[in-house]
Each structure stands twice: as structure tokens, then as C-alpha cells.
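Below is one structure, written out as C-alpha cells; comments come after it.
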Amino acid sequence: MCGSTSLAVGEPPRDVKLRLRYHRDSEMTLNAPVALNLIGGGPAHTNRSLLVYGVFDETNTHVQWRARHQFPTLRNHDVQKYGLRRHFSIADRRHGAIAADFGENPYGYGSASACPGALPPLDFGPVATTDRAVFDVGTLPLSASESPAVCARSTVTDAQGGTFDAVALARKNPRVRPAFPVLRSPITENTPVKFMLSPCRRTISPPHYAMQEQRLFLEDAPEICIDGWTAPGFADELAAQFRTRIDQVRMQGRDMVLVLGFHHDDTTGRLGTVLEEALQKVLPFERDKSSPRVTGAFVFDSVVHAVGRPELRRLVLWCPPNFSVDDLDEVPAGASSRCPAVPEIPDIQLGPFRFNQIPILTSRAQYLRFIGKYSETQAGRMRSMSFRAPEHTPLSDNIPAGEFGTATFYNNELLTAEPGDAFSYCPQADTRKIVFRTPLTPAPAGLELLAELHQAAPQPAYALGLLWDFPFLLKAQYESYLAGAATAYSFTVPFGIVSSNEETWAGELWTTGEFPVGDILAQCTRFCDHPTFDASVIYNVQTLFRDAYRTQCYRPVFPRPDDGGFPHDP
């Protein structure tokens with residue numbers, strides 16, 4: 001009931017019927033449906049019911065020769081399922097460059113009358129099979145390593161009882177490697193350089209002062225009196241004290257973060273502007289130094305303050321959050337913040353409160369309102385606080401990126417390429433914020449643009465760097481006393497995140513010093529205009545590496561001599 005046959009006819013039939021007989025001499029018969037396919041004369045690659053082509057294994061040293069059925073209304077697998085078997089053999093192999101019209105004839109079957117005699121021969125014996133595929137009997141020699149293809153004479157039995165000879169080609173797989181092995185940037189814990197800035201001649205709020213002191217562990221920190229902050233040159237005096245202490249701590253050999261408790265009652269914003277001026281005189285010059293350096297500053301203010309100097313926005317994390325209400329109970333669940341505390345356990349339960357209702361880093365008004373309604377005990381305590389940042393080498397180069405970010409190019413790490421190379425970018429793997437630049441494009445760009453750029457305007461080298469959405473990461477542990485029980489949890493305070501509901505990749509970025517590039521960007525160095533295998537071992541004869549993989553992952557799986565020899569080739 002299931003089968004096929006191939007017949008040679010002189011004229012196209014008007015109709016074909018098929019009757020199945022139980023036995024040659026039996027009168028029991030069954031009329032069967034017929035799927036008639038007529039194949040006329042013409043080029044071998046379009047007008048033969050079977051074509052032969054070759055593919056390579058992963059090493060590009062072993063050729064698998066394949067037969068593919070071509071019927072107008074039947075797929076390759078269907079014909080095989082119906083039981084049609086065709087014998088084919090391979091002989092007279094040669095290797096080298098083959099001139100063929102692969103556009104109209106993607107497999108190259110019958111593209112020439114014979115393999116060019118000028119090509120070096122391969123001393124392989126003949127191979128023949130009635131299966132769909134068979135690996136060749138030999139291994140390509142080293143002298144054939146740069147040859148893009150193998151040409152052979154294929155012989156196929158045809159419907160007339162004879163044979164049909166045609167050229168069969170095997171093109172090598174694109175030679176692909178990781179574009180760059182790994183970027184290394186040690187992430188180290190920074191030393192906090194602490195100060196408490198507050199009035200010395202008057203008292204504002206002892207409970208709030210004690211909270212700020214406890215949150216930042218400023219009990220032993222030097223105190224800077226800010227009573228005369230309106231005097232000319234006050235910002236210079238502040239900056240001088242910061243620099244003196246920084247130079248003392250620098251002798252320890254570790255990067256630093258300037259940690260400032262800022263206790264005051266100025267609501268005009270002018271005092272905050274004076275502190276900004278002092279930080280402007282210190283931080284930008286420290287940022288571009290090689291380690292040990294000051295990576296940035298963390299300011300815990302008494303009131304909400306928005307940093308006005310654009311350059312400082314990349315270097316200073318200024319808290320508390322910019323909530324518009326003094327009662328934390330009224331803070332919306334998705335409220336945005338310039339000082340977002342992001343819990344490391346997203347679904348943490350904190351008694352009757354949401355995470356952003358806990359007075360971790362709050363303004364004076366918010367804190368006093370909270371302890372007035374509840375208690376200082378329920379306001380909780382900071383258990384630990386640390387700052388992490390990437391080390392800088394003497395050759396590091398910082399380039400501003402966006403409102404907060406900085407792209408850092410470290411030790412002249414270069415990805416080199418030839419004009420004929422091609423790249424495959426894998427979006428799924430790019431979670432590490434790796435960037436590149438060239439002399440023609442000095443602004444940092446994401447790796448997703450490199451393949452297109454190289455295709456349009458090839459460059460000999462691409463400098464690689466890392467994009468940091470913030471200069472340092474604040475990690476802390478906090479303990480809350482809610483509903484009669486103590487709850488300890490960890491959180492981070494990153495830049496570039498404005499809501500505690502937003503997803504942050506800070507945890508992964510700041511816990512490793514190695515950033516693999518090869519699983520994100522692959523580089524083809526030879527045979528980039530050849531067809532490719534995909535992850536399901538399908539040979540996509542019209543999918544050329546250069547065109548198809550600029551914006552998708554290249555994860556091929558190749559045929560192997562021990563895989564049974566039956567290709568996935570629908």
C-alpha cells in the first residue's frame with residue numbers, strides 16, 4: 001500500500017491508474033490512489049529526481065556525501081518513507097576553489113561537465129551506497145586545509161536502467177571561532193572614606209542624627225562643621241579636607257568610596273549645591289586615575305536633593321529617595337526613586353510593610369514620622385555595608401555613556417579582523433554590557449552593532465570595553481523588627497535603576513571579574529559565504545553565514561561518522 005517507482009516514458013501520459021493485485025494470478029485487486037510527478041528534460045539540479053551533494057564534519061576533514069530526492073509534490077523525507085532507494089557512487093575527487101553558480105544551483109550539482117583537471121586530486125577509492133548518505137573513505141590531507149570545496153564525479157542509477165554522471169560538490173563549513181576570549185576586570189571591595197557633615201553650634205534632631213550615623217557606621221568618622229557654609233570658599237575648604245583624608249587612605253592600596261552623612265535643615269537646596277561644588281573639585285579627577293582611586297561618593301542627606309551637575313550624576317549616589325510624601329505608609333508600590341534599594345530576594349515578606357516602606361535610607365521628615373507612629377526599634381538597623389567597584393589599570397580610558405553610565409576600555413584589548421571576516425552576534429548571551437569602539441566610531445557601541453559595521457565598513461581592529469551603569473555598587477544587610485520578629489535581608493543600591501520593581505543585572509555584574517566574549521560574538525575567518533548547519537543538524541544550503549548570523553546565535557551541530565549516516569534534511 002505504500003511505495004514508489006520511477007519510470008521512463010517517451011510522452012507525458014494524460015492519466016495514470018494503479019491497481020494492486022493480491023497475487024500475480026489472483027483476481028483480488030485494489031485500486032490505489034496515485035501521486036504522479038512528471039520530470040522533464042533540463043539542468044540536472046532542477047530536472048533530475050535525485051541530486052548528490054557533500055557536506056563536511058566539524059573538523060572540515062571528512063566529507064559526507066548525500067542523496068536528495070526531488071519530486072514536485074513530495075518532500076525528501078516522504079519519498080524516503082515510501083521506500084524509494086537509489087544507488088549512487090562517488091569517485092575522482094579533487095579539492096580547491098570551484099567556480100559555480102550557487103545562487104541558481106545552491107548544491108552545485110551538475111554545475112560543470114567535470115571537475116577541473118587543474119585541481120589537486122585526492123587519492124581516495126570509490127564509495128557507493130543505497131542509503132541516503134555515506135561518509136567518504138578518506139581524510140582530507142593538510143594540503144587541502146585551505147581549499148574551500150571538494151569536487152567529485154557522482155553516478156546515480158536512473159529510471160531507464162542506466163546511470164547518470166554529474167559533478168557533486170562539498171563546500172566546507174564556515175571556519176568560526178570565539179571573537180575574543182574573555183575580558184578581565186577585577187571587582188574589589190572599596191575602602192569607605194567617611195565623614196559626618198553637620199552643624200556644631202546647634203542641634204537639629206538627635207534621633208535622625210543617630211539614625212544617619214548608624215546607617216553609614218559613622219560613629220568614629222571625622223566630623224566636619226557646616227555652620228559657616230555660606231562663607232566664600234567653604235566648598236574649597238570641604239574639598240581640601242576630602243583630599244587630605246583620601247591621600248591618607250590611598251596608602252592602603254585599595255580603591256575608595258567617599259561616604260558622607262549630611263545632617264542639616266536647609267530646604268532651599270543651596271547647601272546641597274555647595275557640597276556638589278566640593279565634590280566636583282575632587283571626584284572627576286579621581287575617576288580616571290589608576291587604582292587606588294576614589295570610584296565615587298555616597299551621600300546620605302537629611303532632605304531630598306537632586307544632583308544638578310551632570311558630571312556628578314555619574315559619580316555620586318545621593319540619598320534619600322525622592323518620594324513626594326513624608327509618610328512612608330503612603331508610598332506607592334511602584335514609586336520611582338533616585339536612591340532605589342533593590343532587595344536581593346524579590347518576594348521578601350516584611351510583616352505589614354512593603355519593602356519601600358521600610359525606613360532604611362529616608363529623609364528626616366519620613367524617619368521622624370515613622371518612629372512617631374511605630375518606634376525606633378521597628379525602624380531597624382543596618383548590619384553591614386560594603387562598596388564594590390572595578391579596578392582601573394594605568395591604560396584605562398573612561399567614556400561617558402548615557403546619563404549615569406561609563407564605558408571603560410582597559411588594557412588596549414583589541415579584536416582584530418580581516419576585511420573578509422564576518423561576525424555572529426548572540427543577543428540571548430549578551431547580559432554583560434560589553435561595548436566596542438573604533439577610530440571612526442569613538443563613541444561606545446554595543447556588540448550587536450559590530451557585525452553590521454564590519455560588513456559595511458570593515459575595520460582592522462575593534463577596542464573592547466565594559467559598560468558600567470554606575471561607578472560602584474552599594475551592598476548592605478539590614479535587620480527590621482516588624483510584627484514582633486527580626487527579619488534580616490540583603491539589598492543593593494545601584495545607579496541607573498529608578499524603581500524597586502525594575503529588574504537589575506547588578507548582582508551578576510559585580511560578583512565576577514571575568515566577562516566572556518566568545519559566547520556573545522563569534523568570528524568567521526574563512527568560508528564565510530558558505531552554507532551552514534544549525535543546532536538541529538539541518539544543512540541550510542541557502543543560509544550563508546555572512547548574511548544569516550549577523551544578529552543571531554551560531555550554535556551548529558555537525559554530522560559525525562558514527563551518527564548513523566541519515567541526515568536531517570527535510
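The values are calculated or read from the model by the stated rules, or taken from the named source; none is laboratory data. In this text, all values refer to a predicted model and were calculated from it rather than measured experimentally. Cβ placement follows ideal geometry from the backbone for every residue including glycine, while neighbour counts extend to all protein chains displayed. Keep in mind that these areas ignore ligands, DNA and RNA; they rest on the heavy atoms of the full protein, side chains included. Shrake-Rupley method; radii C 1.70, N 1.55, O 1.52, S 1.80 Å.
Before moving on, here are some points about what is shown:
- Gain on full stretching of the segment that runs from I187 to S6 - 0.36 nm per residue minus C-alpha separation: 58.2 nm
- Reach of K17 by Cα under 26 Å, taken over lysines that are not fewer than 8 positions away in the same chain: K81
- Take the Cβ atoms of K373 and E448, set R0 to 51 Å, and the FRET efficiency comes out at 0.55.
- Of the trypsin sites (Lys or Arg not before Pro) in segment 83-165, the ones in a loop by DSSP (not H, G, I, E or B) with at most 13 other beta carbons within 10 Å are R85.
- The chain: antiparallel DSSP beta bridges as a percent of all, rounded to 5: 80
- Counting all C-alpha pairs of segment 352-399, share separated by more than 12 Å (%): 73
- Compared with the dominant principal axis of the Cα atoms in the chain, helix 206-216 is inclined by about 40°.
- Exposure rule at most 11 other beta-carbon atoms within 10 Å, DSSP loop GluC sites (Glu not before Pro): the chain longest free segment: 220-402
- Directionally averaged shadow of segment 122-212, computed from the convex hull of its alpha-carbon atoms, nm²: 16.7
- In the context of the full set of protein chains, residues of the chain present 47 Å² of accessible surface per residue (probe radius 1.4 Å, heavy atoms only).
- The computed Cα extents along the principal axes in Å for the structure shown corresponds, within (i) 78, 65, 48; (ii) 119, 59, 36; (iii) 82, 77, 40, to (ii).
- Taking only Cα atoms of segment 320-402, radius of gyration then Dmax in Å: 16.8, 54
- R0 of 56 Å, Cβ-Cβ distance Q349-Q542: FRET efficiency to nearest 0.05: 0.50
- One chain, two ends: A128 and T551. Fully extended at 0.36 nm per residue, the span grows by 148.3 nm beyond their Cα-Cα distance.
- Near the amide H of F180, within less than 5 Å, lie the amide hydrogens of G518, all on another chain or at least 5 residues away, with H placed in the peptide plane.
- Spin-label model, D15/S145: points 7 Å from Cα along the beta carbon direction are separated by 6.6 nm.
- When the Cα positions of F285, I224, L275 are compared along the charge dipole of the chain, F285 comes out farthest toward the positive end, with charges on each C-beta of Lys, Arg, Asp and Glu.
- Distance histogram for segment 242-387 (every C-alpha pair counted, 10 angstrom bins, percent rounded to whole numbers): 10, 36, 32, 18, 4
- Our estimate of slack between R309 and D227, defined as 0.36 nm per intervening residue step minus the Cα-Cα distance, is 27.2 nm.
- For T163, the amide hydrogen comes within under 5 Å of the amide hydrogens of D158, counting only partners 5 or more places away or on other chains and with H modelled in the peptide plane.
- With a Förster radius of 51 Å applied to the C-beta separation of T46 and E403, the computed FRET efficiency comes to 0.30.
- DSSP-assigned coil residues among trypsin sites (Lys or Arg not before Pro) in segment 166-218, each with at most 15 further Cβ atoms within 10 Å: R201, R202
- Loop trypsin sites (Lys or Arg not before Pro), segment 1-79 (other Cβ atoms within 10 Å of the site Cβ: 13 or fewer; DSSP): R14, K17, R24, R75
- Ordering T295, V34, L467 by the projection of their Cα atoms onto the charge dipole of the chain, which places +1 on the Cβ of Lys and Arg and -1 on the Cβ of Asp and Glu, puts V34 at the extreme positive end.
- Between L395 and A97, the distance separating the two model label sites (each 7 Å from Cα on the Cα→Cβ line) works out to 3.6 nm.
- Proximal lysines to K289, defined as alpha-carbon separation beneath 23 angstrom and excluding residues fewer than eight positions away on the same chain: K194, K281, K433
- Accessible surface of the chain [probe 1.4 Å, protein heavy atoms]: carbon and sulfur percent: 51
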